[in-house]
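Please read the structure below before turning to the comments.
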Amino acid sequence: MKTTRRNVLGGLALAGGALATAGKASAQDRLTAEQLACADDLLGVDYSADEIEQMAIGLDDWAANMARLRAIEQPNTLQPASVFDPRQPGVTYDIPDGGVSLPPAALPPLPRSAVDIAFAPCWQQAGWLRAGTLSSRQLTEIYLSRIEAHAGRLECFITVTADRALQDAERADAAFVRGEIVSVLQGLPYAMKDIIDVAGIPSTWGATPYRDRVASENAHIANALGQAGAVLLGKSTNGAIAYNDLWFDGLTRNPWNPSEGSSGSSAGSAAAVAAGLASFAIGTETLGSIVSPSHRCGTTGLRPTFGRVSRSGAMALCWSLDKIGPITRAVADTALVLDVINGPDVRDASSLDAALGVDWSADPSQLRVGYLPAAMENASAPDRAMLEAVRAIGCETVPLALPDWPYGALGAVVEVEAAAAFEELTLSGRDDELRWQEARAWPNTWRRARFRSAVDYINVDRFRREVCGAMHDLFDQCDVIVGPNFAAGMLLISNFTGHPSLVLRTGFTERALNPLTASGQQAGDEQFRMPYASSLWAPLFREDRLVLLGRALESRLDVASERPELFS
């Protein structure tokens with residue numbers, strides 16, 4: 001029964017409170033030595049009968065304390081006292097400053113086709129706006145028209161703010177007329193991931209329990225973009241509670257083949273940008289939510305150094321891992337967006353005050369580029385083409401090796417933090433309202449997390465610190481690392497160490513479509529030509545290196561400009 005789940009999950013008190021009673025246990029409900037003994041195998045311990053008898057003493061008091069704790073409201077905005085800092089003790093970081101200007105590239109004439117304008121990169125659109133050959137209202141109307149025509153098929157917008165967008169555009173145009181330019185993003189229309197609050201607009205987190213939630217105030221990033229003069233088109237979809245592409249009223253599709261999901265959780269952000277429905281979009285990443293949909297949809301994504309961009313006003317999934325970053329169609333655009341959203345915020349306990357600068361005249365051939373030979377052994381053709389392009393640019397390539405450690409153990413952090421963030425859904429049984437209910441979906445993950453030992457969790461966190469040191473040492477040998485997105489554990493490792501990453505399209509492959517989330521289907525045999533992306537990683541705070549090398553690769557590989565045929 002749903003009414004008893006709180007008591008059932010609260011019947012044990014494992015390892016410092018992984019499970020605790022919802023109220024003072026009656027005599028017959030109290031934890032017995034026999035029940036404790038059953039947990040030996042689960043926790044990987046071997047206690048004697050006398051030790052187990054001793055352990056049972058006092059657990060009733062612990063359970064009562066946990067019950068009192070649960071009576072205290074702990075909103076999603078309440079951050080833990082323990083705060084992750086990716087920086088190594090005693091290390092002084094070389095952080096470039098000076099901001100980010102438009103890249104010094106020749107501005108082409110304004111296209112006659114609205115479609116061509118829609119798919120143009122931000123830096124070109126910004127140039128046309130400054131030159132007065134294009135107005136923000138014209139650009140906004142192009143995108144609103146395309147959203148009306150295509151967003152329904154892609155299921156990539158949950159809320160469209162057309163009236164607000166036109167008002168924002170008119171303000172931007174008026175500022176241009178007055179000669180006032182506050183940022184390179186002024187007048188550019190964008191989509192905001194739905195887990196980020198914008199006052200007065202629904203922010204549903206993609207989940208049935210929150211589908212009627214309306215934000216009461218702006219997230220820090222919403223204020224930053226508003227002050228920069230960017231134009232909000234609406235809220236893009238995300239998988240429920242920032243996982244995958246299935247949300248409470250739809251499933252976001254891949255513009256290259258709508259029979260496939262977009263991946264997630266920044267599902268709508270990637271789909272909208274790939275289909276030419278916005279100049280850029282804002283995504284978030286805990287463990288792949290910018291990289292994975294960008295890989296699937298062929299967009300460019302920048303996951304900044306942990307702490308560089310404030311998360312205040314965004315749904316918390318995993319406080320020590322959540323990051324916010326841009327999704328675009330061109331590498332240079334990621335730097336333009338990051339320059340606006342970068343900066344400290346006292347409302348985010350993990351926020352870091354780090355300058356940002358990109359020197360467009362710097363020579364990318366001077367970068368030492370590392371790679372993991374083991375990851376490249378079975379790499380796809382686009383990954384191999386990327387490495388060859390690195391060499392063709394003139395970069396020195398450096399083979400690297402990571403310690404042979406159990407990196408998969410780090411995944412416990414996501415499970416435990418997310419389970420804490422959404423404990424009320426688990427204990428109330430409202431997790432059953434989420435559409436995705438497979439073993440790897442959130443409801444089961446959160447239930448399973450309650451059986452993890454708190455001692456093991458702390459030791460995993462200590463291991464994380466060791467991994468941070470190993471990654472720091474790796475960058476003593478090189479300036480940037482390149483490789484497949486999902487090979488050699490680099491996606492997992494770099495997220496946990498807080499290192500920045502750039503994902504960009506490096507080619508196309510023939511492959512079967514991924515089954516739709518929660519469909520129960522298997523991948524078919526038919527092959528389709530689909531975009532493929534690869535990753536670059538840099539030391540903490542050196543996003544400039546990612547952008548410089550990424551831009552050079554983008555130019556040499558020459559695969560970024562191809563558009564999904566259905567939306568071109």
Complete set of residues in the stretch 156-166 that are touching a helix residue (DSSP H, G or I) at 6+ places or on another chain (Cβ under 8 Å) and not in a helix (DSSP H, G or I): Cys156, Phe157, Ile158, Val160
Selection count, the stretch 206-251, where residues are under 19 Å from the mean Cα position of the chain (by Cα), under 19 Å from Gly152 (Cα atoms) and either assigned to a strand (DSSP E or B) or not hydroxyl-bearing (Ser, Thr, Tyr) (or both): 13
Count - residues of the stretch 400-420 that are under 17 Å from the mean Cα position of the chain (by Cα) and of a type in the set (Gly, Ala, Ser): 2
Residue satisfying all of: in the stretch 118-132; open to solvent by 10 Å² or more (accessible area, probe 1.4 Å) and over 13 Å from Leu185 (Cβ atoms); nearest to the chain's Cα centre (by Cα) among these: Phe119
The stretch 167-205, residues that are in a loop (DSSP other than H, G, I, E, B), polar (S, T, N, Q) and either without any contact (Cβ under 8 Å) to a residue 24 or more places away in the chain or out of contact with any Lys or Arg (no Cβ under 7 Å at 6 or more places or on another chain) (or both): Ser183, Gln186
Thr161 being in contact (Cβ under 8 Å) with a residue 12 or more places away in the chain, polar (S, T, N, Q) and open to solvent by 10 Å² or more (accessible area, probe 1.4 Å): yes
Residue satisfying all of: in the stretch 80-97; touching a strand residue (DSSP E or B) at 6+ places or on another chain (Cβ under 9 Å) and open to solvent by 40 Å² or more (accessible area, probe 1.4 Å); farthest from Phe422 (Cα to Cα) among these: Asp97
Filtered residue count, the stretch 280-303, keeping only those that are outside any strand (DSSP E or B), in contact with a Pro (Cβ under 7 Å, 6 or more places away or on another chain) and closer than 14 Å to Val331 by Cβ: 1
Verdict on Val480 being closer than 30 Å to Ser365 by Cα and of a type in the set (Val, Ile, Thr): yes
Val369 closer than 24 Å to Pro539 by Cβ, crowded, with 18+ Cβ neighbours inside 10 Å, among the β-branched types (Val, Ile, Thr) and in contact with a helix residue (DSSP H, G or I) (Cβ under 6 Å, 6 or more places away or on another chain): yes
Selected residue (criterion: nearest to Val231 (Cα to Cα)) from residues of the stretch 337-366 that are open to solvent by less than 60 Å² (accessible area, probe 1.4 Å) and charged (D, E, K, R): Asp339
Check on Val100, modelled with pLDDT of 90 or more and open to solvent by less than 50 Å² (accessible area, probe 1.4 Å): yes
Subset of the stretch 252-263 [open to solvent by less than 10 Å² (accessible area, probe 1.4 Å), among the small types (Gly, Ala, Ser) and either outside any loop (DSSP other than H, G, I, E, B) or within 23 Å of Glu423 (Cβ to Cβ) (or both)]: Gly261
Of the criteria (1) under 26 Å from Gly127 (Cα atoms); (2) hydrophobic (A, V, I, L, M, F, W, C); (3) open to solvent by 10 Å² or more (accessible area, probe 1.4 Å), which one Ala149 fails: (1)
Boolean, Leu352 is in a helix (DSSP H, G or I), touching a Lys or Arg at 6+ places or on another chain (Cβ under 9 Å), touching a residue at least 12 places away in the same chain (Cβ under 8 Å) and among the hydrophobic types (A, V, I, L, M, F, W, C): no
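The values are calculated or read from the model by the stated rules, or taken from the named source; none is laboratory data. Small disclaimer: the values here were computed from a predicted structure and weren't measured. Here the Cβ is made from the backbone with ideal geometry for all residues, glycine too, and neighbour counts use every protein chain on show. Protein only, heavy atoms only, side chains kept; ligands, DNA and RNA dropped before computing areas. Shrake-Rupley method; radii C 1.70, N 1.55, O 1.52, S 1.80 Å.
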